[in-house]
Amino acid sequence: MTPHTSLLTAPTDVGTLAADIDPVRFEVIRNALLAITEEMGATLRRTAYSTNIKTRGDFSCAFFDRQLRTIAQAFAQPSHLGSLAHIVPRAIAAYGAENLMPGDGILINDPYLGGVHLNDITLISPVFHEGEIFGYLANIAHHVDVGGGAPGSIGVSNEIYQEGMVIPPIRFVKEGQIDRDIFALIRSNFRGTKEISGDFRAQTAANRLGWQRLQALLDKYGGAEFERYLGEMLSYTARRTAQALGQFPDGTFSAESFMDGDGISDEPIKLVATVHIDHGRLSVDLTGCAPQRPSPTNATSSQTYSGVVYVLKCLIDHDIPVNDGFYRLVDIRTTPGTVVDAQHPAAVAAGWEVAMQLCDLLFKALAQAVPDRVLAGTKGCICNIAFGGINPATAEYFTFYETIAGGYGATRRNDGMDAVQAHFQNTENAPVEETEANYPLRILCYELIPDSEGAGYYRGGLGVRRDYTFPGHTPSFSILSDKAKYPPWGLFDGGPARPAKYVLNPDTPGARELPSKITLQLKPGDVVSVQTPGGGGCEAVWERPVELVAADVALGKISVERARAAYGVVVDPKTCAVDAAATAEARARLAQGSSGKGGA
C-alpha cells in the first residue's frame, strides 16, 4: 500500500506562493472551501435522526477536484479523512465519471473498494460547471445498522458477508432525488429503519448544501481561475509538509505491541511498526504485522492509512492544511493479507480497533526520534458497543451504537485528559438523558474510574465506567474493543494504566468478566459493565509535585492507598493533608527501587 512515495524539494521560503497567486484571494478561497465542508457537516448533524450522528458527530465531509485529489476536509472525525481520500477516487473509477449526471449521488461502503467497515457509508456527488465535472463533494457517516448477524452490525464474525450489506458504487440519488427502489432495498436489509431513513436523507441534504455553496464560488471566480488556486493549495501544502518532515532526525525507529484475542481465538495479534527517516523522506513499514484472521479484527488498507496519516499530521505544524499535498508524501508499506491490509472476504467490523492501536504504536516508535512531540499510550481502543432487539414499549425493532471514552496518555508537558475519545476518534459523549429517553435501556453507572491512570511525573487520564441494563426485554449485546490484556503503556519511566474490563453483572456474586470481543444474548435483569482503560504516565513518578497528587486524592481521582504506593505521597484520608516526612521517606524508596528501569 504505497499511494505516493516522492517528496518535493522545499524552497527556502516554503510559505511563499507562486508569483501569479494573490495571497488574499488564496486565503479567501482556501477558507471558503473549508467553510463549505464544515457547513455540510453542520447540515448533516442537524438533520440526522440517530444519536450516533446528530449527537456523537460520527461523520466527515470533504471536497475533491476533478482529478479526485482531496482539496478540503472538515475535521469532524479524523478517522474518516484518510479513508475518504481512498474511497472517493476508487468509487468514481469503478462507476465511471462519464456515467454521472448533474444531481447524481453515488453510494458506497465496500471495504475492498477503498472503504472501511460496513457501517461507514459514503455519498459522493459530482459538481458540474459549464457542462463538465469540476469536482466532487463527499460525506461519510456511521449508520447504526447495516444488517448482518448482530444488531448494530458490530458483532463477532469471520467473513464480510456476515457483517451486513456490502454496497458497491451505485447511483443512489438521481436528478437530486433518492432512488425509491434502491432506498427500499436498503431499508429492507437494515434494522432500525426510521433512523436509517433519516440519516440517509441527511447525507443527501449535506451534499446538496455543499453543491449550492460551491456553485456560488464558481460563479464568482470562474472555473479556470478557481482551479488555478486549487493547484496552488496542494503545492503549498506539499512544500510545507516536506519541510516539516525534513526536521525529523534521520534513523530507523521501531516498536511492537499486542492486541487481545481476535474474538474467535485467544491468540494475541502482533503489530509491528518501523519508521524510516532519511533526509526528510519518511516511510512507515508495517510488513511485520500478523496475518489476517478469520475474525472481525482486521483493518482495510484505508483504515490503516487513516491511522498513519493521523499520527504524521499530529507531528507537523498544526496549521498545515490537510489535502492531497499532504497525502501524496505519505509512504506506507504493508503486506497484503495481514491484519493491517486485509483481503477479501475478511471481516473488518473491528478494523478501527487495529487502526487505533497503530496510532499508539507509531507514537511509541517515534518517541525515540521526537520525544517532546509524542504521548504515552492512550485508552488504545475504539470500544464499539452495539445492542438491539424489540422495544417492549413500541414493539418496533431498535438498534443503538456508541463508543466509550477513556484515558489519554500523558506527555512531557501535560497530564493526560480524563474520559476522552483518543486520537482520530473525535466522537462525542452520548448523554445518559438523551439515550434513556430514546432507547429502552437504563444506564446505571457512568463515572470516572479512580486509580485507572498510569502514574508518572505527568499522570495519564482516567478511564470510564458505563453500565447498561434493559428492563422488560433481553437484547443482543456486542462489544468489539480491546486492551483487556495489554494495558496502555507509559513513556520515559512513566507507569502503565489500568487495563479495560468488560463485566457481566458486576458487583454481584455471579459477576463474570467478558472478553473484549463478544456478542451475547442477555438474560432478564442482566447488567453489562464497560470499563475503559486509563492513559499511560510520562516520566518519573516520584518527581510528580506532591500538591498535584494531594489534589487528585481530594478530587477522588486516586485513592489514598494509590497515592502512597504509586506516587510515594502519604496523604491524610480525612483532610488530604500531606505528611511531609513520611512522603520523603516513601519517595526515596520509590526512586531507589526504580533506579535503572528507564522507560522507552
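The values are calculated or read from the model by the stated rules, or taken from the named source; none is laboratory data. Here the structure is a predicted model, which is why all the values come from computation and not from measurement. Here the Cβ is made from the backbone with ideal geometry for all residues, glycine too, and neighbour counts use every protein chain on show. Just the protein is used for accessible areas: all its heavy atoms, side chains included, with ligands, DNA and RNA removed. Shrake-Rupley method; radii C 1.70, N 1.55, O 1.52, S 1.80 Å.
When the residues of the range 190-215 are filtered to those that are open to solvent by 60 Å² or more (accessible area, probe 1.4 Å) and at pLDDT 95 or above, the one that is nearest to the chain's Cα centre (by Cα) is 201.
Table: residues versus (1) aromatic (Phe, Trp, Tyr); (2) open to solvent by less than 40 Å² (accessible area, probe 1.4 Å); (3) at pLDDT below 95.
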residue: 475; (1), (2), (3): no, yes, no
residue: 492; (1), (2), (3): yes, yes, no
residue: 495; (1), (2), (3): no, yes, no
residue: 505; (1), (2), (3): no, yes, no
residue: 508; (1), (2), (3): no, no, no
residue: 518; (1), (2), (3): no, yes, no
residue: 527; (1), (2), (3): no, yes, no
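Comparison of 79, 60 shows that the only residue that is under 14 Å from the mean Cα position of the chain (by Cα), small (Gly, Ala, Ser) and assigned to a strand (DSSP E or B) is 60. Reported count of residues in the range 52-79, each being closer than 20 Å to residue 308 by Cβ, buried (at least 24 other Cβ atoms within 10 Å of the Cβ) and in contact with a Phe, Trp or Tyr (Cβ under 7 Å, 6 or more places away or on another chain), is 4.
Going by the structure shown, is residue 472 of a type outside the set (S, T, N, Q) and farther than 17 Å from residue 388 by Cα? Walk me through it before giving the result.
On the way: of a type outside the set (S, T, N, Q): yes; farther than 17 Å from residue 388 by Cα: no.
It is false that residue 472 is of a type outside the set (S, T, N, Q) and farther than 17 Å from residue 388 by Cα.
The listed residues are 91, 32, 85, 42, and the only one of them that is assigned to a helix (DSSP H, G or I), open to solvent by 10 Å² or more (accessible area, probe 1.4 Å) and under 28 Å from residue 344 (Cα atoms) turns out to be 85.
Give the residue that is most open to solvent (accessible area, probe 1.4 Å), with candidates limited to residues of the range 454-473 that are in a strand (DSSP E or B) and out of contact with any Gly (no Cβ under 8 Å at 6 or more places or on another chain).
As a first pass, look at the range 454-473 and keep what is in a strand (DSSP E or B): 458, 464-469.
Restricting the remaining residues to those that are out of contact with any Gly (no Cβ under 8 Å at 6 or more places or on another chain) gives 465-468.
Working: 465: 38, 466: 2, 467: 8, 468: 0 Å².
Among residues in the range 454-473 that are in a strand (DSSP E or B) and out of contact with any Gly (no Cβ under 8 Å at 6 or more places or on another chain), the one most open to solvent (accessible area, probe 1.4 Å) is 465.
Can residue 291 be described as touching an Asp or Glu at 6+ places or on another chain (Cβ under 8 Å) and at pLDDT 95 or above? Considered against the rule, which asks whether it is touching an Asp or Glu at 6+ places or on another chain (Cβ under 8 Å) and at pLDDT 95 or above, residue 291 comes out as no.
Considering 530, 553, 549, which residue is part of a helix (DSSP H, G or I), touching a Cys at 6+ places or on another chain (Cβ under 9 Å), aliphatic (A, V, I, L, M) and closer than 15 Å to residue 452 by Cα?
Numbers: 530 fails: part of a helix (DSSP H, G or I); 549 fails: touching a Cys at 6+ places or on another chain (Cβ under 9 Å).
The match here is 553.
Can you tell me which residues in the range 221-263 are of a type in the set (Phe, Trp, Tyr) and outside any helix (DSSP H, G or I)? Can you show your working first?
Filtering the range 221-263 down to residues of a type in the set (Phe, Trp, Tyr) leaves 221, 226, 229, 236, 248, 253, 258.
Matches in the range 221-263: 248, 253, 258.
Tell me, which strands (runs of 3 or more DSSP E) wholly within the range 365-453 include 3 or more residues that are among the small types (Gly, Ala, Ser) and more than 23 Å from residue 522 (Cα to Cα)? Where strands (runs of 3 or more DSSP E) fall fully within the range 365-453, none carries at least 3 residues being among the small types (Gly, Ala, Ser) and more than 23 Å from residue 522 (Cα to Cα).
Residue by residue, here is whether (1) in contact (Cβ under 8 Å) with a residue 40 or more places away in the chain; (2) surrounded by fewer than 19 Cβ atoms within 10 Å (Cβ to Cβ); (3) of a type outside the set (Ser, Thr, Tyr) holds:
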| site | (1), (2), (3) |
| --- | --- |
| 536 | yes, no, yes |
| 545 | no, yes, yes |
| 558 | yes, no, yes |
| 565 | no, yes, yes |
| 575 | no, yes, no |
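Scanning the range 267-281 for residues that are without any contact (Cβ under 8 Å) to a residue 60 or more places away in the chain and assigned to a loop (DSSP other than H, G, I, E, B), we see that the one that is surrounded by the fewest Cβ atoms within 10 Å (Cβ to Cβ) is 279. Only residues that are over 15 Å from residue 350 (Cβ atoms) and in contact (Cβ under 8 Å) with a residue 60 or more places away in the chain were counted across the range 283-301, and they come to 4.
Out of 284, 348, 311, 340, report the one residue that is closer than 30 Å to residue 155 by Cα, in contact with a strand residue (DSSP E or B) (Cβ under 8 Å, 6 or more places away or on another chain) and open to solvent by less than 10 Å² (accessible area, probe 1.4 Å). Step through it out loud before you land on a result.
Details: 284 fails: closer than 30 Å to residue 155 by Cα; 348 fails: in contact with a strand residue (DSSP E or B) (Cβ under 8 Å, 6 or more places away or on another chain); 311 fails: in contact with a strand residue (DSSP E or B) (Cβ under 8 Å, 6 or more places away or on another chain).
Selected residue: 340, the only one of 284, 348, 311, 340 that is closer than 30 Å to residue 155 by Cα, in contact with a strand residue (DSSP E or B) (Cβ under 8 Å, 6 or more places away or on another chain) and open to solvent by less than 10 Å² (accessible area, probe 1.4 Å).
Inside the range 255-271, residues that are in contact with a Ser or Thr (Cβ under 7 Å, 6 or more places away or on another chain) and closer than 30 Å to residue 323 by Cβ make up a count of 1.
For first residues located in the range 45-60 and within 13 Å of residue 139 (Cα to Cα), partners that are of a type in the set (Phe, Trp, Tyr) and part of a loop (DSSP other than H, G, I, E, B) and lie 6+ apart or on another chain with Cβ distances below 8 Å form the pairs 60/75.
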